[in-house]
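S.K.: If you scroll down you'll find the structure; I have some questions about it.
The values are calculated or read from the model by the stated rules, or taken from the named source; none is laboratory data. Worth saying up front: this structure is predicted, and the values here are computed from it rather than measured. Every residue, glycine among them, receives a Cβ derived from its backbone with ideal geometry; neighbour counts consider all protein chains shown. Just the protein is used for accessible areas: all its heavy atoms, side chains included, with ligands, DNA and RNA removed. Shrake-Rupley method; radii C 1.70, N 1.55, O 1.52, S 1.80 Å.
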Protein chains: 2
Amino acid sequence: MEHSAPARLASPQAARTAPPQRRPVAPGQPTPVCVAYGDGIGPEIMDATLRVLKAAGARLALEPIEIGAKVYQRGVSAGIDADAWAALRRTRVLLKAPITTPSGGGYKSLNVTLRKTLGLFANVRPCASYHPFVATRHPGMNLVIVRENEEDLYAGIEHRPTRDIVECLKITSVPGTERIIRYAFEYARAFGRRKVTCMTKDNIMKLTDGLFSSTFRRIGAEYPDLEQQHLIVDAGAAMLADEPERFDVVVTPNLYGDILSDIAAQVAGSIGMAGSANIGLHAAMFEAIHGSAPSIARRNFANPSGLIQAAVMMLVHIGQNDVATTVQNAWLATIEDGLHTPDIWTRHGSGECVGTAEFAQAVINRIGRAPKRLAAVDFGSGASASFALPAWTRASSQKDLVGVDVFLDAPDVAPESLASQLQPFAGQAFRLQMITNRGVKVWPDGFPETFCTDHWRCRFVARSDAAALEHGQVVALLANMAAAGFDFVKTQHLYRYGGAPGFTMGHGQ
Amino acid sequence: MEHSAPARLASPQAARTAPPQRRPVAPGQPTPVCVAYGDGIGPEIMDATLRVLKAAGARLALEPIEIGAKVYQRGVSAGIDADAWAALRRTRVLLKAPITTPSGGGYKSLNVTLRKTLGLFANVRPCASYHPFVATRHPGMNLVIVRENEEDLYAGIEHRPTRDIVECLKITSVPGTERIIRYAFEYARAFGRRKVTCMTKDNIMKLTDGLFSSTFRRIGAEYPDLEQQHLIVDAGAAMLADEPERFDVVVTPNLYGDILSDIAAQVAGSIGMAGSANIGLHAAMFEAIHGSAPSIARRNFANPSGLIQAAVMMLVHIGQNDVATTVQNAWLATIEDGLHTPDIWTRHGSGECVGTAEFAQAVINRIGRAPKRLAAVDFGSGASASFALPAWTRASSQKDLVGVDVFLDAPDVAPESLASQLQPFAGQAFRLQMITNRGVKVWPDGFPETFCTDHWRCRFVARSDAAALEHGQVVALLANMAAAGFDFVKTQHLYRYGGAPGFTMGHGQ
């Protein structure tokens, strides 16, 4: 893999299964990197950041690309044009200042497009406090959230099957889950972290979140040097909000990670101090977590620290760990010396209140220095913080069709009546096993208190346990129902995998 | 409606659409109420709570029911038997101590069963701090979370359609959404709250969470006396964790509410002080938010405050607001006097450290008193905190079938190849519009970087815009695909409602 992949070799074990290596940048040659100056405060914090990188000796060949407001205004609904895509696919690394997505319909989130299209599967967001130099309720906080970035409810698959019901599909894949969890463990090892916490709601979502938590336990067994913990996400979020000091690396599905990373950034004390990385197998993007703040643009007020932190992550990613160490220690020394931008400046905790440009100069002036009270960093030689992810192989298992959930639109019908209308259609192949409404079993043996919408799930299972069903039998069932005027709105096949059911029971079944 | 419904008449407007009234309890007659003593610390905190209620003059006819560990151990997997159901359906009110669900497979969550079966659509959880008497980081915090309790990902509909993919269905209904949002507004009015905040992720889930937020805005227009706000849940959760003082009533879908209510309880300072109500149209259940804590059972350590708070909510629910006021003010006076159980006792902030029974006696001793520094409450005469929810009527709109998403299991195939295999099946009725993998468009014009699983969504839309499709045309498509050996694992019809699409586009479409 080349420099732009998240990962070079770390262990012989990883080497055995690593993807094919790409040609690295020749020693001494600068690394090509795309930079996007963004909107609002973007240009001034990018300018400050690039000045710091240059002064620290970063070996970069910068390729500016234009994305965001100006591109949207040209009528490109994705906010990125063909030239920018071409540059991005050439360099495979993007340092990105915040952009402004115009409000009103038709504009798509550029971040979602970049993540999805480039397969940036891991969102990595460190959150630390800088006590006593920056005010915080949590002096000891220093954690990293590793959020799955492509799946879950964010797949954007939504339907309205009936007048009463809208649905969104939560998708969890085996390869996506293995990849993000292994990434979290490898990250923890590479960066000297001690503990990895997984958060899911697997007590409710036994198949989807159950896959995530069971994969965490299975892969975790390969990392006995790391402490491991699984928390139910409601209790875990509460703990993160109240005692973030107790966490080190946190790995979670997309939606929980979205919520948890905002909580972590907020309770750390300043949203202006954190950067994040979006990592894929083929590309990576680095950015500050804050927005483009147009109201303070071009006033030299903005704190460039978030983008500087993102740039430090980028330097480690491309193997310039020496430069990353230099920048980070100079930045820590600046924070410690009390030179603070207005967002974090306090009368008692800070020294001089400085602007964007002066802050960058203060960091530049401290290049070569390390902080005295905050812990200095050492990202090592370039090999220490890199790792490979093994190629994924699909496990084969016998897959048998054993039934079908047919979802019907049927307003104002009683469950018993619906069941007796449906039973004749089951025929020789099927039997009607249950009907649920919003997941609650209403037939057989329903409760009259259960509120019913017009959306019914009718589970037909194979009458015989002996033989698997065939798709033609499902088609015949649907053909008969269509002829009888049933408005079936959706079907979902029921499969067994190696004999184990690939579906859950109804509530009350 | 009878006493056991959440709601009696509040306004002429509500009266016009209120459900049929049931016979109320005759004046002076005690209200029948089921009580469940639960497991672990349950019996001792229930005992303490009932002593307080009796001393305060609550007019209750108690019907003890057995649920929880003993029932599970008798082999009843739901943890509740027919006798308990019968009592519950007779009284329609349950005061419930915490129970222990045995670990290991096969046991179902009793709370989920009660909520689902009885249609307890609203989970109402007040979280307040009692500064300076109980330690808290948030002295001014006093909010109520109103959580939708039946829908969302908790419907428990999960499938594994392919070897690579597991899915969970998020369900949001129009009637369920209207009900919970109207409940939140009515609650705010009835209890003198000023502001209602709605939290969703409607920027990502435009149909499901979009329904929730748009319903909030639409119904909110009927409550101009209340301040209203919508927040994206990640930013909202961060704000709740850091500045809970800024919230009053918060209304959210099920999953977010689960996470937010744990955060709120945690940052309020003590999980042992909060009660919650589960409210339905036909029944209601009141409980402490903490668990059964078997490790401290029968030691007279446990804080009965959470269950006392639940009992106060129950008294208001059944119209004994006078007794609720008496109990709450005596309890506040006890907290203020520093008589604290060990969970909240501190050397500097508390007075005497007391046990469960002594705490109850201290509350009893203060009956008739009001707190001096904490704000005294007055729940009014019984009419002030009650309200009716209007009956729901389904809006009719023209529904047209305009296409079908066919989901295929097809390992190791390239999108272009899959598209050319599928196109012949589209026939006269359909055209293949797009293929997505994990929600990302991979055909036409996909990106080679996009990682593909074995799970493909193939969108067939009507070739002609003029006429709606018929179910038979979908069946014919599937029949041809089945004959050709395609493993279609799921179908989802695409409908338009009054011309507007009831489905979302693919990412990148």
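S.K.: With the solvent-accessible surface defined on protein heavy atoms using a 1.4 Å probe, which residues belonging to segment B:170-194 display a reduction of at least 50 Å² in accessible area in the multichain context relative to the isolated chain?
M.R.: So the qualifying set is B:Ile171.
S.K.: Could you work out the relative contact order of chain A, using alpha carbon pairs under 8 angstrom and six or more residues apart, expressed as a whole percent?
M.R.: Computed value for chain A: 18 percent relative contact order.
S.K.: Given R₀ = 30 Å, FRET efficiency for B:Leu62-B:Ile296 by Cβ-Cβ distance, to 0.05?
M.R.: Step by step, r from the Cβ atoms, then E = 0.75.
S.K.: How far apart, in nanometres, would the label points at A:Arg463 and B:Arg394 be if each is projected 7 angstrom from Cα along the Cα-to-Cβ direction?
M.R.: According to this spin-label approximation, the distance is 3.1 nm.
S.K.: Of all DSSP beta bridges in segment A:375-509, what percent run antiparallel (nearest 5)?
M.R.: Here the share of antiparallel DSSP bridges comes out near 95 percent.
S.K.: Could you work out what % of the accessible surface of the protein assembly as shown is carbon and sulfur, using a 1.4 angstrom probe and leaving DNA, RNA and ligands out of the count?
M.R.: Carbon and sulfur atoms account for 52 percent of the accessible area of the protein assembly as shown.
S.K.: Can I ask one more? For B:Thr346, which inter-copy label distances result when the label point lies 7 Å beyond Cα on the Cα-to-Cβ vector, reported in nm to one decimal and in ascending order?
M.R.: 1.9
S.K.: Might you tell me the accessible area per residue for segment A:22-175, computed with a 1.4 Å probe and given in Å²?
M.R.: Roughly 34 Å² per residue, with all protein chains present.
S.K.: Restricting attention to segment B:194-290, which GluC sites (Glu not before Pro) occupy a DSSP loop and are surrounded by at most 16 other Cβ atoms within 10 Å?
M.R.: In loop regions of segment B:194-290 (DSSP not H, G, I, E or B), the sparsely surrounded GluC sites (Glu not before Pro) are B:Glu222.
S.K.: On to the next question. Note the buried accessible area between B and A here, summed over both chains, with a 1.4 Å probe, in Å² to the nearest 100.
M.R.: Approximately 9800 Å² gets buried when B meets A.
S.K.: Can you give me the solvent accessible area of A:Leu432 with a 1.4 Å probe, rounded to the nearest 10 Å²?
M.R.: Its heavy atoms expose roughly 10 Å² to the probe.
S.K.: Sticking with this one: So the label point goes 7 Å from the Cα of B:Asn365 along Cα→C-beta, right? Which residues of segment B:320-344 then have their backbone N under 14 Å from it?
M.R.: Residues passing the 14 Å test: B:331, B:333-341.
S.K.: Next question. Put a label point 7 Å from Cα along the Cβ direction on A:Arg394, then list its distances to the equivalent points in the other copies in nm, shortest first.
M.R.: Result for A:Arg394, in nm, nearest copy first: 3.9.
S.K.: Treating the angle as unsigned and between 0 and 90°, give the value, to the nearest 10°, between the Cα long axis of helix A:321-336 and the longest Cα principal axis of chain A.
M.R.: So the inclination is approximately 80 degrees.
S.K.: Counting only heavy atoms of protein chains, what accessible area per residue, in Å², does segment A:366-469 have with a probe of 1.4 Å?
M.R.: 45
S.K.: Further, regarding this structure: Beyond 28 Å between alpha-carbons counts as too far, so tell me which of A:Lys195/B:Lys108; B:Lys54/B:Lys108; A:Lys201/B:Lys116; A:Lys108/B:Lys170; A:Lys116/A:Lys201; A:Lys170/B:Lys116 fall in that bin.
M.R.: Correct reply: A:Lys195/B:Lys108; B:Lys54/B:Lys108.
S.K.: What is the residue of chain B with the smallest Cβ distance to the axis taking B onto A, and what is that distance in whole Å?
M.R.: Here the value is B:Ala241, 2.
S.K.: Next up: Given a 1.4 Å probe and the protein chains all in place, what does the accessible area of A:Val475 round to, in Å² to the nearest 10?
M.R.: 10
S.K.: Among the aspartates and glutamates, select those whose C-alpha is under 20 Å from the C-alpha of A:Lys70, and discard any that sit fewer than 8 residues away in the same chain.
M.R.: Cross-link targets: A:Asp39, A:Glu44, A:Asp47, A:Asp81, A:Asp83, A:Glu287.
S.K.: Taking the Cα atoms only, what angle lies between the long axis of helix A:233-242 and the longest principal axis of chain A, rounded to 10 degrees?
M.R.: Roughly 30 degrees between the two axes.
S.K.: So which residues in segment A:216-259 end up with at least 30 square angstrom less accessible surface once the other protein chains are there, compared with the chain by itself, probe 1.4 angstrom?
M.R.: A:Asp234, A:Ala238, A:Ala241, A:Asp242, A:Leu255, A:Asp258, A:Ile259
S.K.: Still on this structure, please answer the following. Output, in nm with one decimal and in ascending order, the distances from the A:Glu449 label point to the matching label points of the other copies (7 Å from Cα along Cα-to-Cβ).
M.R.: Inter-copy label distances (nm, one decimal, shortest first): 5.4.
S.K.: Could you sort B:His138, A:His282 by their accessible area in this structure, using a 1.4 Å probe and putting the largest first?
M.R.: A:His282, B:His138
S.K.: Right, another one. Using a 1.4 Å probe on the heavy atoms of the protein chains only, list every residue of segment A:134-162 that has 50 Å² or more less accessible area in the complete assembly than in its chain alone.
M.R.: A:Arg137, A:Leu153, A:Tyr154, A:Ile157, A:Glu158, A:His159, A:Arg160
S.K.: Excluding ligands, DNA and RNA, what is the solvent-accessible area per residue of segment B:185-319 at a probe of 1.4 Å, expressed in Å²?
M.R.: Accessible area per residue, segment B:185-319: 29 Å².
S.K.: Can you list the lysines whose alpha carbon is less than 21 Å from that of A:Lys399, not counting same-chain residues fewer than 8 positions off?
M.R.: Correct list for A:Lys399: A:Lys206, B:Lys490.
S.K.: While we're looking at this one, here's another question. Using only Cα atoms, tell me the angle between helix A:254-268 and the longest principal axis of chain A; keep it within 0 to 90° and round to the nearest 10.
M.R.: Between the helix axis and the principal axis of chain A, the angle is about 30 degrees.
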